[in-house]
Amino acid sequence: QSSGGIVGAGERIVVVAGRTACTSTDGGATFTAADIGGVVESQAVWTGTELVAWGGGQVWRSPDGVAWTSAATAPTDVRPGAVAYGDGVFVAVRGGWQVWYEQQRFYRSTDGVTWETLAPGAAPGGHPIRFITFARDLRADGC
């Protein structure tokens with residue numbers, strides 16, 4: 001199962017699918033393909049300085065969607081699916097097939113490499129989660 005998606009990366013549009021990233025710098029009129037170096041199984045996210053994606057025990061990073069570097073994740077059996085990034089923290093839910101309800105796992109990382117698996121019951125298991133979004137409550141009253 002591969003994922004990726006469409007990511008706004010500064011002035012670029014990057015479409016990540018499988019092991020390919022297609023990047024546009026002209027509003028989507030043209031795209032240039034680049035090999036990521038492995039199969040992306042997660043959502044790709046933009047941190048404000050780089051694109052980040054995961055799959056097969058690896059994390060891939062790119063400042064521009066063209067040049068990619070990789071590193072092994074720790075532990076290597078963490079498989080982010082839906083991912084969000086905000087305030088210096090990545091959060092993810094386990095990706096894959098038939099990994100929901102009792103098998104659903106939630107993860108947290110400050111660097112995208114080393115992941116903490118949240119304790120079972122920290123979040124209730126349920127239907128497959130396909131997307132996670134970061135949002136900040138800017139209301140003064142916190143409601």
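At a 1.4 Å probe radius, carbon and sulfur cover how many percent of the accessible area of the stretch 21-63? Show your work: numbers first, answer last.
Details: 850 of 1670 Å².
Result for the stretch 21-63: 51 percent of the exposed heavy-atom area is carbon or sulfur.
Using a cut-off of 13 Å between beta-carbons, work out the net charge of the residues near R12 (Lys and Arg +1, Asp and Glu -1, R12 not included). Write down the numbers at each step before the final one.
On the way: positive: none; negative: E11, D26, E50, D64.
That works out to -4.
When the chain is fully extended, how far beyond the present Cα-Cα distance does W46 get from T133, taking 0.36 nm per residue of separation?
Roughly 30.1 nm would be gained on extension.
What is the local net charge at A74, summed over the other residues whose Cβ is closer than 11 Å to its Cβ (Lys, Arg +1; Asp, Glu -1)?
On the way: positive: none; negative: D77, D111, E116.
Charge balance in the 11 Å sphere: -3.
Mind ranking 41-53, 115-127 by how tightly packed they are, going by the mean number of other C-beta atoms within 10 angstrom, highest first?
Working: 41-53: 20.2, 115-127: 12.0.
My ranking of the peptides, most packed first, is 41-53, 115-127.
In whole Hz and in residue order, list the ³J(HN,Hα) couplings for the stretch 64-69 that follow from phi through the Karplus curve 6.51 cos²θ - 1.76 cosθ + 1.60, θ = phi - 60°; x for Gly and Pro.
Result, rounded to whole Hz: 9, x, 10, 9, 10, 10.
Residue separation times 0.36 nm, minus the C-alpha to C-alpha distance between A84 and A33: what's the value? Can you show the working numbers first?
Working: separation 51, 0.36 × 51 = 18.36 nm, distance 2.42 nm.
The A84-A33 span can extend by a further 15.9 nm.
Note the direction-averaged projected area, equal to a quarter of the hull surface, for the Cα convex hull of the chain, in nm².
On the way: hull surface 38.0 nm².
Average projection, Cα convex hull of the chain: 9.5 nm².
Would you work out the charge dipole size for the chain about its Cα centre, treating the Cβ of every Lys and Arg as +1 and the Cβ of every Asp and Glu as -1, and quote it to the nearest 20 debye? Each step should come with its number before you reach the end.
Working: 10 positive and 13 negative charges, 55 e Å.
Once rounded to the nearest 20, the dipole reads 260 debye.
Could you calculate the FRET efficiency of T25 with T110 from 1/(1 + (r/R0)^6), where r is the beta carbon distance between them and R0 is 30 Å, rounded to 0.05?
Details: r = 30 Å, r/R0 = 1.01.
Efficiency, rounded to the nearest 0.05: 0.50.
The values are calculated or read from the model by the stated rules, or taken from the named source; none is laboratory data. Owing to the predicted nature of the structure, the values given are computational and were not obtained by experimental measurement. Counting neighbours? That spans all protein chains shown, and the Cβs are built from the backbone with ideal geometry, glycine included. The protein model used for the area step is the full one, side chains on, heavy atoms only, and it has no ligands, DNA or RNA in it. Shrake-Rupley method; radii C 1.70, N 1.55, O 1.52, S 1.80 Å.
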